[in-house]
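The values are calculated or read from the model by the stated rules, or taken from the named source; none is laboratory data. For clarity, every value in this text was computed on a predicted model and none was experimentally measured. For neighbour counting, all protein chains shown are included, and Cβ atoms are generated from backbone atoms with ideal geometry for every residue, glycine included.
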Amino acid sequence: MEDIVKKILISPVYDVADVTPLDYGKLLSERLKNQIFLKREDLQPVFSFKLRGAYHKIARLSEAERSNGIICASAGNHAQGVALSANRLGIDATIVMPRTTPRIKVNAVEHFGVTVVLAGDSYSDAYKQCLKLVEETGMTFIHPFDDPEVIAGQGTIGHELLQQCPDLDMVFVPIGGGGLIAGIASYIKYLRPNVKIIGVQPEDSDAMFQSVNKKKRVELESVGIFADGVAVKKVGELTYKIVSKLVDEIITVTTDEICSAIKSIYEDTRSIVEPAGALAVAGVTKYVHTHNILDHKLIAINSGANMNFERLQFVSERTRIGEKTETLLAVTIPEKPGSLKNFCNSFIGDKSITEFNYRLMGRGDAHIFVGINLPHDEKETLCSEMTKGGYPCEDLSDNELAKLHIRHMVGGRTDHAANEVIYRFHFPERPRALSDFLNAMAEDWNISMFHYRMHGGDFGRVLIGFEIPEKRKKEFSEFLKKINYACSEETENPAYRLFL
């Protein structure tokens with residue numbers, strides 16, 4: 001540990017890396033009733049802390065090691081750190097990336113003038129190709145985490161933290177292979193042994209958590225794909241030794257909790273971090289609730305912001321579950337006019353609906369997929385009341401299949417709907433908007449299809465199918481005028497004709 005501390009104190013990382021700010025998270029602090037600070041490694045030139053370890057390692061190579069060129073295998077932040085470092089130091093570099101790497105990441109690495117080799121469909125394939133090239137060419141391999149020089153480079157964050165917040169109580173650090181937390185723990189525990197170091201991993205990529213618990217390095221059969229920046233099957237030999245000795249605790253968090261943390265960081269900083277970059281905030285949130293701590297100074301490492309834009313939709317959908325403010329239910333109601341209205345009036349009341357999916361499938365029972373803005377500690381009571389009231393329900397809030405797929409697949413064609421007309425509506429995004437709509441309908445009109453999902457605007461977009469006999473069309477038109485929700489008919493829309 002002392003050797004790594006010495007390396008940290010004389011590290012050359014500031015030739016390329018920035019001393020990142022330690023921002024006070026005002027909203028997080030108010031919500032968690034502690035002082036929460038965010039170490040903004042997402043503001044580094046390559047939007048990740050990985051630059052520190054890569055540059056420290058590469059800058060300390062011998063002339064012989066430099067002359068052969070350097071190489072690494074990475075599909076993400078380590079690749080950019082190595083590429084920028086090589087560019088600044090004038091060293092030839094090769095980065096081996098999987099063929100499946102998004103083009104935006106390949107372009108970001110190529111921007112630094114290095115050679116990119118695409119090999120295989122996974123990191124493991126790229127790593128094997130990398131080792132093969134090392135053997136063939138003699139290039140110097142730059143390990144992403146299991147190297148004392150890389151660990152020392154990452155540990156410069158610990159040095160900055162003690163200067164920026166000398167009286168800190170705890171530091172929460174994301175863990176993949178372990179290089180970041182090994183460096184931070186080595187420095188802080190050497191100078192301030194009473195400061196707690198808490199590691200955070202995703203539940204589906206918890207190699208260090210399992211290794212420490214089993215007192216030996218564990219290799220996972222598979223890793224999660226969401227927080228890909230920490231998706232490591234086997235942690236480093238050196239990092240495991242350091243973490244086992246110095247880290248106070250490792251906790252795991254769910255995908256939903258990570259999504260909620262991304263939102264929390266955005267609300268305080270107006271910046272969007274990648275899933276791995278939000279791990280520490282997810283860990284802080286969980287730890288505070290679990291241990292009921294108050295008035296502590298807690299630091300979370302925002303480790304990176306290389307987020308694929310396409311992931312934001314997924315993050316938005318899962319955030320409410322992560323905040324434990326949305327409950328997802330499968331509810332069975334009688335398939336007859338007025339059932340939906342009775343259900344809403346009896347059990348929804350002033351609660352906000354976040355999602356509603358239903359398609360007529362028969363004339364017996366109807367199954368609706370409904371999301372309600374309801375704290376998780378109240379959902380058991382609500383489910384019990386629904387069941388007693390003749391509306392059996394199933395809690396789907398923790399059902400991964402339901403959250404990933406089923407919610408988008410409720411529907412399809414039906415042979416049961418008669419005289420069906422389809423309308424798109426803009427509902428005002430407020431409690432009772434659906435109830436007001438249903439209460440204004442004629443008692444004998446049947447809803448044959450319903451789809452709604454909250455998207456955060458002033459108005460919700462709702463698709464509804466009605467069974468309206470021809471002779472009641474005029475009455476239906478009057479109803480639409482009376483309700484005064486913006487709408488357009490879609491009965492002739494080819495998408496509806498083809499799929500619904």
Problem - Residue check for residue 286: of a type outside the set (Phe, Trp, Tyr), surrounded by fewer than 24 Cβ atoms within 10 Å (Cβ to Cβ) and closer than 23 Å to residue 180 by Cβ - result: yes
Exercise for the section: Return yes or no: is residue 333 outside any loop (DSSP other than H, G, I, E, B), touching a Leu at 6+ places or on another chain (Cβ under 9 Å), within 23 Å of residue 21 (Cβ to Cβ) and at pLDDT 85 or above? Expected result: no
Practice task
Identify all residues within the stretch 121-169 that are touching a Gly at 6+ places or on another chain (Cβ under 8 Å), aliphatic (A, V, I, L, M) and at pLDDT below 95; write none if there are none.
Solution key: 126
Problem - Qualifying positions in the stretch 246-271 - in contact with an Asp or Glu (Cβ under 9 Å, 6 or more places away or on another chain) and either hydroxyl-bearing (Ser, Thr, Tyr) or over 20 Å from residue 181 (Cβ atoms) (or both) - result: 252, 254, 255, 256, 259, 260, 262, 263, 264, 268, 269, 271
Problem - Answer from 303, 264, 316, 271 - the residue that is touching a Pro at 6+ places or on another chain (Cβ under 8 Å) and touching a residue at least 60 places away in the same chain (Cβ under 8 Å) - result: 303
Problem - Number of positions in the stretch 378-398 that are more than 14 Å from residue 324 (Cα to Cα) and in contact (Cβ under 8 Å) with a residue 60 or more places away in the chain - result: 4
Exercise for the section: Within the stretch 462-473, identify whether any single residue is surrounded by fewer than 16 Cβ atoms within 10 Å (Cβ to Cβ) and closer than 19 Å to residue 357 by Cα, and answer yes or no. Expected result: no
Exercise for the section: Count, please, the residues in the stretch 129-150 that happen to be in a loop (DSSP other than H, G, I, E, B) and out of contact with any helix residue (DSSP H, G or I) (no Cβ under 8 Å at 6 or more places or on another chain). Expected result: 1
Exercise for the section: Those residues that are at pLDDT below 95 and crowded, with 24+ Cβ neighbours inside 10 Å, I need them from the stretch 192-206; list them, please. Expected result: 205
Practice task
For residue 413, state whether it is surrounded by fewer than 18 Cβ atoms within 10 Å (Cβ to Cβ), in a strand (DSSP E or B) and either assigned by TED's automatic domain parsing to the domain that holds residue 330 or modelled with pLDDT of 80 or more (or both).
Solution key: no
Fill in the blank from the handout: Note: among 113, 120, 153, 138, just one is out of contact with any Asp or Glu (no Cβ under 6 Å at 6 or more places or on another chain), more than 30 Å from residue 198 (Cα to Cα), in contact (Cβ under 8 Å) with a residue 60 or more places away in the chain and not aliphatic (A, V, I, L, M), namely 138
Handout entry: Options 158, 177, 183, 153: the member that is buried (at least 21 other Cβ atoms within 10 Å of the Cβ) and assigned to a loop (DSSP other than H, G, I, E, B)
Key = 177
Completion exercise
Of those in the stretch 87-111 that are farther than 22 Å from residue 225 by Cβ and at pLDDT below 95, the residue surrounded by the most Cβ atoms within 10 Å (Cβ to Cβ) is 110
Handout entry: From 245, 241, 215, 189, residue being on the phi > 0 side of the Ramachandran plot and modelled with pLDDT of 95 or more
Key = 215
Practice task
Filter the stretch 120-144 down to residues that are of a type in the set (Val, Ile, Thr) and in contact with a Lys or Arg (Cβ under 9 Å, 6 or more places away or on another chain), then give me how many there are.
Solution key: 2
Completion exercise
Filter the stretch 31-76 for residues that are outside any strand (DSSP E or B) and of a type in the set (Val, Ile, Thr); the one that is modelled with the highest pLDDT is 58
Handout entry: Residue that is nearest to residue 76 (Cα to Cα) [pool: residues in the stretch 8-30 that are in a helix (DSSP H, G or I) and either in contact with a strand residue (DSSP E or B) (Cβ under 6 Å, 6 or more places away or on another chain) or modelled with pLDDT under 95 (or both)]
Key = 28
